[in-house]
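Asker: Here you go, one structure.
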Amino acid sequence: MASLKVSSVKLGSCGDEITMPVIGMGTSSHPPVDRQTAKAAILEAIKVGYRHFDTAFAYGNSEQHLGEAIADALRLGLIESRDELFITTKLWASFAERDLVLPAINTSLRNLQMEYVDMYIIHWPFKLGREMTGMPLDEDQVQPLDIKSVWEGMEECKKLGLARGIGVSNFTSKMLEELLSIAKIPPAVNHVEMSPAWQVKKLREFCKAKGIHVTAYSPLGASGTSWGDDRVLGSQVLQQIAKAKGKTTAQISLRWVYEQGVSMVAKSYNKERMRQNLDIFDWSLTEEELQKMSRLPQIKGFVFASLLGQHDLLLQIDAGL
Ligand code: NAP
């Protein structure tokens with residue numbers, strides 16, 4: 001079957017323009033899968049048409065699996081060069097210190113078998129201790145981020161050519177203000193939870209005004225994970241719209257994200273569903289459908305205080321996301 005074409009967006013705030021496919025494949029799998037399953041899914045994704053992959057040091061061995069799958073894809077001739085792909089990986093919160101950023105990206109690049117990533121982002125907007133005990137974490141294991149010094153490390157990654165673009169994830173407007181006031185290179189992207197069930201309008205407006213592109217994670221409501229459920233895929237409003245249009249509920253959600261001018265990373269390791277998730281570009285939602293979706297109940301899934309502990313810093317961050 002022919003591979004599907006995916007629209008792209010230009011990220012312009014890095015001085016030099018970078019083109020990013022608006023749908024990326026997420027590689028955080030719950031429950032975790034073995035190496036062969038992950039590699040087979042990534043190879044299938046490349047065949048289907050995915051050219052953008054989202055990984056992180058923190059996603060088990062996802063960086064290694066992605067690197068191995070891409071090496072296989074090159075050997076098999078599915079792609080001619082690594083440059084055809086857009087790869088995002090993330091600085092883990094235990095390495096969120098000025099002097100740890102460069103070693104951290106170098107570890108990720110070794111894992112990925114790559115000389116550069118297309119986007120390197122600060123994964124979580126706080127610092128975690130190195131030795132973490134069980135959940136919930138003790139309050140002293142969760143520290144505020146020293147944004148200025150960590151961002152200097154991120155800028156160094158870009159200057160050295162190890163990352164084509166740099167950005168953040170889960171940053172509130174307040175944190176972005178602080179970052180923009182000291183950044184020599186502004187963040188190109190902010191990855192945040194977003195779906196019809198969590199529309200983050202204010203933060204999106206702020207990012208738009210500042211030229212920061214928003215990428216949605218968990219755009220399908222992250223069913224099957226510890227932070228997700230069926231609030232998106234089980235929504236009756238979305239199901240009715242899907243039925244009327246001859247689309248799936250997942251496609252309605254992803255199309256809605258796209259129509260908000262936002263890119264997205266969605267995870268599926270299932271051949272049929274990963275194809276379906278790319279097939280959202282030759283149709284659109286009506287004004288009436290958009291209106292209905294704008295009135296959906298809003299529930300956030302990825303809540304730091306619920307996942308890590310009810311600490312003031314996390315409660316403040318959650319309130320801004
Ligand atoms: P998601 O993409 O919203 O949902 C993934 C779940 O939906 C999986 O259980 C998947 O199962 C299922 N699914 C996928 N397509 C489907 C379809 N067409 N119909 C029905 N079910 C479908 O959630 P997510 O994994 O949380 O988010 C995506 C990616 O975002 C992650 O993989 C990760 O890369 C990134 N992320 C980043 C952060 C951050 O802090 N920056 C946080 C969370 C996630 P199957 O695989 O069986 O299809």
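Taken together, the values in this text are just the output of simple stated rules run on the coordinates, not laboratory data. All values reported here derive from a predicted model rather than from experimental measurement. When we count neighbours, we look across all protein chains shown, and the Cβ atoms used for this are built from the backbone with ideal geometry, even at glycine.
Asker: Enumerate the pairs (first residue in segment 26-50 and on the phi > 0 side of the Ramachandran plot; second residue anywhere and in a helix (DSSP H, G or I)) with beta-carbon separation below 9 Å, excluding pairs fewer than 6 apart on the same chain, so at least 6 apart or on different chains.
Answerer: GLY49/ARG275; GLY49/LEU278
Asker: Here is a follow-up. If the requirement is being in a helix (DSSP H, G or I), under 13 Å from SER195 (Cβ atoms) and more than 10 Å from the ligand (Cβ to nearest atom), which of these qualifies: VAL237, VAL214?
Answerer: Only one candidate passes the filter, namely VAL237.
Asker: Here is a follow-up. Which count do you get for residues in segment 19-65 that are crowded, with 22+ Cβ neighbours inside 10 Å and in a strand (DSSP E or B)?
Answerer: Number satisfying all stated conditions: 8.
Asker: Inspect all residues belonging to segment 2-14 and state whether any of them is among the aliphatic types (A, V, I, L, M), part of a loop (DSSP other than H, G, I, E, B), within 14 Å of the ligand (Cβ to nearest atom) and closer than 18 Å to THR89 by Cα.
Answerer: No, because not a single residue in segment 2-14 is among the aliphatic types (A, V, I, L, M), part of a loop (DSSP other than H, G, I, E, B), within 14 Å of the ligand (Cβ to nearest atom) and closer than 18 Å to THR89 by Cα.
Asker: Okay, next question. Quick one: in segment 246-267, which of the residues that are in a loop (DSSP other than H, G, I, E, B) and near the ligand (Cβ under 8 Å from one of its atoms) is nearest to PHE53 (Cα to Cα)?
Answerer: Only one residue fits best here, namely LYS267.
Asker: So, one more: Of the numbered conditions (1) more than 16 Å from the ligand (Cβ to nearest atom); (2) within 21 Å of SER7 (Cβ to Cβ); (3) without any contact (Cβ under 8 Å) to a residue 60 or more places away in the chain, GLU156 satisfies every one except a single condition; which is it?
Answerer: Of the numbered conditions (1) more than 16 Å from the ligand (Cβ to nearest atom); (2) within 21 Å of SER7 (Cβ to Cβ); (3) without any contact (Cβ under 8 Å) to a residue 60 or more places away in the chain, the odd one out for GLU156 is (2).
Asker: Here's a follow-up. Suppose we filter LYS174, LYS158, LYS202 for residues that are surrounded by 15 or more Cβ atoms within 10 Å (Cβ to Cβ), assigned to a helix (DSSP H, G or I) and basic (Lys, Arg); which single one remains?
Answerer: LYS158
Asker: Same structure, new question: Counting only residues that are within 11 Å of the ligand (Cβ to nearest atom) and free of Cβ contacts under 8 Å to residues at least 40 places away in the same chain, which one in segment 51-78 is farthest from SER169 (Cα to Cα)?
Answerer: Residue satisfying both the conditions and the ranking: SER62.
Residue-by-condition table, conditions (1) aromatic (Phe, Trp, Tyr); (2) in contact with a Gly (Cβ under 8 Å, 6 or more places away or on another chain); (3) within 19 Å of GLU152 (Cβ to Cβ):
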residue: LEU78; (1), (2), (3): no, no, no
residue: ASP83; (1), (2), (3): no, no, no
residue: ILE87; (1), (2), (3): no, no, no
residue: LEU102; (1), (2), (3): no, yes, yes
residue: LEU112; (1), (2), (3): no, yes, no
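Asker: If we scan segment 177-192, do we find a residue that is within 19 Å of the chain's Cα centre (by Cα) and among the small types (Gly, Ala, Ser)?
Answerer: yes
Asker: Which residues, counting only those in segment 106-147, are surrounded by 13 or more Cβ atoms within 10 Å (Cβ to Cβ), of a type in the set (A, V, I, L, M) and either over 23 Å from the mean Cα position of the chain (by Cα) or in a helix (DSSP H, G or I) (or both)?
Answerer: LEU109, LEU112, MET132, LEU137, ILE147
Asker: If you check ASN190 against the conditions, is it among the polar types (S, T, N, Q), within 16 Å of the ligand (Cβ to nearest atom), part of a strand (DSSP E or B) and crowded, with 17+ Cβ neighbours inside 10 Å?
Answerer: yes
Asker: Which residues, counting only those in segment 51-93, are of a type in the set (Ser, Thr, Tyr) and in contact with a helix residue (DSSP H, G or I) (Cβ under 8 Å, 6 or more places away or on another chain)?
Answerer: THR55, SER62, SER81, THR89
Asker: Is there a residue in segment 95-105 that is within 14 Å of the ligand (Cβ to nearest atom) and either within 18 Å of ILE212 (Cβ to Cβ) or exposed (fewer than 15 other Cβ atoms within 10 Å of the Cβ) (or both)?
Answerer: no
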